[in-house]
1. If I filter the stretch 182-215 down to residues being modelled with pLDDT of 70 or more and among the aliphatic types (A, V, I, L, M), which single residue comes out as nearest to residue 161 (Cα to Cα)?
2. Based on what the data block shows, is residue 13 surrounded by 19 or more Cβ atoms within 10 Å (Cβ to Cβ), touching a Pro at 6+ places or on another chain (Cβ under 8 Å) and in contact (Cβ under 8 Å) with a residue 40 or more places away in the chain?
3. Tell me, which strands (runs of 3 or more DSSP E) lie completely within the stretch 1-83 with 3 or more residues that are more than 15 Å from the chain's Cα centre (by Cα)?
4. Quick one: which of 86, 112 is touching a Phe, Trp or Tyr at 6+ places or on another chain (Cβ under 8 Å) and on the phi < 0 side of the Ramachandran plot?
5. What pairs can you find where one residue is in the stretch 162-181 and at pLDDT 95 or above, the other is buried (at least 24 other Cβ atoms within 10 Å of the Cβ) and among the polar types (S, T, N, Q), and their Cβ atoms are less than 6 Å apart, with a gap of 6+ or different chains?
6. Return a yes/no flag: does the stretch 69-90 have any residue that is closer than 20 Å to residue 112 by Cα and either basic (Lys, Arg) or without any contact (Cβ under 8 Å) to a residue 40 or more places away in the chain (or both).
7. Can you tell me which condition residue 131 does not meet? The list is (1) in a helix (DSSP H, G or I); (2) more than 13 Å from the chain's Cα centre (by Cα); (3) at pLDDT 95 or above, and all the others hold.
8. Taking residue 124 as the residue in question, decide whether it is modelled with pLDDT of 95 or more, assigned to a loop (DSSP other than H, G, I, E, B), charged (D, E, K, R) and under 30 Å from residue 232 (Cα atoms).
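The values are calculated or read from the model by the stated rules, or taken from the named source; none is laboratory data. All figures in this text were calculated on a predicted structure; none of them were measured in a lab. Cβ: placed from backbone, ideal geometry, glycine included. Neighbour counts: every protein chain shown.
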Amino acid sequence: MSTQDQRTAVVTGGGTGLGRGITRALAADGYRVAVVGRRQEVLDVVAEETGAHVVVADLTDPAQVERAAGEIVAALGAPVDALVLNAGGSDRRPVETLAELAEHWSRTVSQNVLSAVLLEHALRPHLRRPGGRVVAVTSAAARSGGGGVAYGSSKAAVNRWIQALASQVGSEGITANALAPGFVPDTELYDGGMDPAWTERVARGIAVGRVGTPEDIADAVRWLVSPGAGFVNGTVLEVDGGRVVRV
């Protein structure tokens with residue numbers, strides 16, 4: 001396959017957890033991938049594994065987003081087929097004062113909402129027409145409320161934004177969807193240190209009898225960015241084993 005014919009993808013928050021799994025899957029499928037994140041060291045590991053191009057940027061900073069978009073376009077050298085907006089996080093520090101509460105909400109919204117909105121806007125002129133795909137990785141917490149009020153609310157905001165975006169870009173042959181994972185303990189969101197007994201208890205409450213893996217989420221992304229998902233637009237796909245976890 002020539003470089004011009006090779007499909008291209010951008011994965012944000014691609015250095016660890018779900019983003020790393022998504023990057024691996026798309027690279028295995030033959031995509032040329034640009035992986036974006038704040039930490040050079042973890043991105044370099046993924047680049048060694050997959051051949052992805054590394055772009056280091058804080059996607060809550062408009063100036064860094066503008067620079068990152070330019071680097072992505074220069075590196076991929078083609079329209080972007082798949083934009084996977086996976087960057088985000090949960091601020092678990094204790095909150096006591098009003099100032100701390102304001103900082104907590106501001107940081108959470110910036111990490112989960114602004115990081116997606118800014119890069120999508122910067123790259124929108126470069127999405128393939130027709131055939132471009134935007135996938136925002138949100139969370140089952142948007143519906144269940146897990147992870148804290150600010151986190152769940154920020155993910156719900158991304159779901160609503162995706163629905164609005166789908167109506168804006170659909171006429172250009174671009175789809176926009178959200179993917180809401182359930183409980184996937186093998187990510188930095190849970191610090192990789194869940195109590196095994198607690199994890200087993202959660203698994204028993206999931207219809208398929210197990211917790212999720214980054215590969216489960218990556219496989220769902222593979223479908224959403226594929227040509228076969230061209231009539232799926234503005235949806236929130238819950239990948240949670242049959243249950244939005246409430247524990």
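1. 184
2. Numbers: surrounded by 19 or more Cβ atoms within 10 Å (Cβ to Cβ): yes; touching a Pro at 6+ places or on another chain (Cβ under 8 Å): no; in contact (Cβ under 8 Å) with a residue 40 or more places away in the chain: yes.
In short, no.
3. On the way: elements: 8-12, 32-37, 53-56.
Output list reads 53-56.
4. After ruling out the rest, the residue left standing is 112.
5. Sorted first by the residue in the stretch 162-181, then by its partner, the pairs are 178/138; 180/138; 180/139.
6. So far as the stretch 69-90 goes, no, none of its residues is closer than 20 Å to residue 112 by Cα and either basic (Lys, Arg) or without any contact (Cβ under 8 Å) to a residue 40 or more places away in the chain (or both).
7. Just one mismatch for residue 131, condition (1).
8. no
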